1. Return yes or no: is B:Gly15 more than 11 Å from chain A (Cβ to nearest Cβ), of a type outside the set (Phe, Trp, Tyr) and more than 17 Å from B:Ala76 (Cβ to Cβ)?
2. Kindly indicate whether A:Ser118 is more than 7 Å from every other protein chain (Cβ to nearest Cβ), open to solvent by less than 10 Å² (accessible area, probe 1.4 Å) and hydroxyl-bearing (Ser, Thr, Tyr).
3. Determine if the stretch B:75-95 includes at least one residue that is among the acidic types (Asp, Glu) and open to solvent by 20 Å² or more (accessible area, probe 1.4 Å).
4. Which one is farthest from A:Ala302 (Cα to Cα), of the residues in the stretch A:133-156 that are more than 7 Å from chain B (Cβ to nearest Cβ), hydrophobic (A, V, I, L, M, F, W, C) and buried (at least 23 other Cβ atoms within 10 Å of the Cβ)?
5. For the stretch B:158-208, which fully contained strands (runs of 3 or more DSSP E) count at least 3 residues that are surrounded by fewer than 16 Cβ atoms within 10 Å (Cβ to Cβ)?
6. Return yes when A:Val40 is away from ligand 2 (no atom under 16 Å from the Cβ), touching a Gly at 6+ places or on another chain (Cβ under 8 Å) and away from chain B (no Cβ under 12 Å) and no when it is not.
7. Condition test on A:Thr241, is it in contact with a His (Cβ under 9 Å, 6 or more places away or on another chain), away from ligand 2 (no atom under 16 Å from the Cβ) and polar (S, T, N, Q)?
Amino acid sequence: MSGGVLVLGEIGDDGLRPSTLELIAAGLELADGGAGRVAVALIGADAPAHVQAVSVAGVEEVILAAPERERFEAHVWEAALGALIEARRPAVVLAGHTADSLGFAPAVAARLRLGFASDVTWVAWEQGGPLARRGAYGERLIAELDFPAKETVLLLLRPGACGARADADAGAGGTGASARISRVELDLDGVARTERIELREAPAGEVDIAKADFLLSIGRGVGGGERIGELERLARLMGATLSGSGPLVEAGLLSRARKVGQSGRTVAPRVYLALGISGAAPHVAGMSKARTIIAVNSDPGARIFDVAHYGAVADLFEVAAELERQLS
Amino acid sequence: MKILVPVKQVASIDGDFTLDGAGELDPRALHWQANEWDAFSLEAALQLAESSSAGEGFEVVVVTVADEHGEEGLRACLAMGADRALRVWDPALAGVDDPLAIAAVLAAVARREDPGLILCGVQSSDSANAATGVALAGLLELPRVAVVTAIEQDGGGLTVQRELDGGAVEVLRLSLPALLTIQTGINEPRRANLRAIKLARSKPSATLALSDLDLDVSDVREVAGARTVRLLERGRGEGASMIEGPAEAIAGRIVELVTRELRA
Ligand SMILES: Cc1cc2nc3c(=O)[nH]c(=O)nc-3n(C[C@H](O)[C@H](O)[C@H](O)COP(=O)(O)OP(=O)(O)OC[C@H]3O[C@@H](n4cnc5c(N)ncnc54)[C@H](O)[C@@H]3O)c2cc1C
Ligand SMILES: Nc1ncnc2c1ncn2[C@@H]1O[C@H](COP(=O)(O)O)[C@@H](O)[C@H]1O
């Protein structure tokens, strides 16, 4: 195929990940800009089951690889993607910035000396090559990147950020109409270098925060935990369910069931009241679909204000104390 | 066994800053501190070294690719308990903050040091590439696991837990030598006491140039994955509608909004 866009679909233990459709949408946008044809590669034994879903209008080819692999293994995926790139020499490869991809995509990029950027939030085809944007300095700023002299550029796109057409075109799933299906034979014997012993599903826990209408969500701004009782009391008083960011769970201040984000739960309550949460991408990934987001943070530059509908620059404990006073 | 722990001194912009017309940042706006993730990877290395049943000696070596801003971070690592520190720098690396380029430099260090285990952070809090460690493993052709939340020694290998998106955990076994990228929360990084800080001053610490690693600046630049064209301000077009006033007014407005939204 030389040139064009190769989208790497992601199949998890739970089936085709929705981010795959976003990647396809982003690939089609690059194609509209002049990047060439779009092909989707699916790796693993489950791949044939998802051909239909990725055969979105505009996708010319679906490539199936590594049929003997039941499930994700980083070194097998590394070898498979490397071989696909060497066989097809695409101009751009799109994969998700996800826990699985992070285990192999940077290794492929380093070994094959590809152009590379991770956690990409915007991509376009300009003047014969891709142009990408990602955060810099803790996302205080955005860096715009190009990839001079790179024949192939591998980009890991942040889920939810690129591929705006995903809902419109791909959301309903593909039609299977026009995509050509091909298989690539790869010799992956003995490539695996880790052995899965066990998969532990996320614990059910004492509460299902995904069912709550109103989450009062706390972050590291609450400090060391001495005052967490005040916020538990406030949540009760407001009729809210308490949830929070990853660091509070790691510090043992909240149970794992209450963690919101990429490695926690995805929530979409009517109201998400965020107190002392900075709005790092892995957190926002789990709450950006809340209907109304209200954020209180003492830092006017906090990224949470980019996703919040209402914001206040203030000390969270002062606001909490006032809320308690007004509601008692 | 030798454990190599790559650490990064990260830059943040705390106060006001301005970008010039070319989209470049005045370096005086930057503040430096140790990458949050690296305290956890160093602690993991120290715990592995300490838990080894007597007999096998462990050495924990920290390495950074950085100008003199990196020194402070290395000193803190030595005070925490690392045995030896290395800093790699060449003036021609100024402004190179690319995970593939840094991985190429670290690969040269690893080839020289020949560690049995490399522990990187999952990501750096300034650039959040989450890529340097796995790129390094690719260059060294080492088995690796990314986003590790638990490590156990298991005969000649390791049993580790990997955090998946959505909160599931995969338990994996792999053999050594290997590379892991370590997630925050895996342990509780120790704090250095005064004595340790003093002791750190006498620990071995070296600065290497690229030529000491038989690397060329052009090699490193060529493997860089991307070039920064310019820096941009974050778009705030759809930002939040801000509630002004004292805490009392803010609380009042929040009650109003919550009541309205829950009723609607
Ligand atoms: C692979 C991976 C997966 C991850 N998964 C998740 C996940 O699922 N969920 C998650 O949350 N994180 C996750 N993270 C971590 C994430 O990157 C951030 O580190 C985390 O979200 C930050 O949490 P925080 O906002 O509570 O803390 P910080 O970023 O430290 O922010 C604290 C905020 O509190 C504010 N503040 C401080 N004091 C006050 C005060 N008195 N009043 C008001 N505001 C105050 C500060 O201005 C700051 O903005 C993941 C990271 C990785 C690499
Ligand atoms: N300049 C550097 N020097 C040494 N190690 C680094 C450097 N940059 C990144 N690393 C390592 O790579 C990890 C992930 O960083 P990143 O890929 O930039 O998000 C860090 O936690 C460090 O272990």
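The values are calculated or read from the model by the stated rules, or taken from the named source; none is laboratory data. Please read these numbers as outputs of a predicted model, since none were measured by experiment. Positions of Cβ are backbone-derived with ideal geometry, glycine not excepted, and every protein chain shown enters the neighbour counts. Areas reflect the complete protein model, heavy atoms only, side chains present, ligands, DNA and RNA absent. Shrake-Rupley method; radii C 1.70, N 1.55, O 1.52, S 1.80 Å.
1. So B:Gly15 fails the test.
2. no
3. Yes.
4. A:Val153
5. Result: empty, no element qualifies.
6. Taking the combined requirement at face value, the residue satisfies it.
7. So A:Thr241 does not fit the description; no.
Yes/no matrix, rows are residues, columns are (1) under 20 Å from B:Ala131 (Cα atoms); (2) in contact with a strand residue (DSSP E or B) (Cβ under 9 Å, 6 or more places away or on another chain); (3) within 10 Å of ligand 1 (Cβ to nearest atom):
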| site | (1), (2), (3) |
| --- | --- |
| B:Gln161 | yes, yes, no |
| B:Leu164 | yes, yes, yes |
| B:Gly185 | yes, yes, yes |
| B:Leu194 | no, no, no |
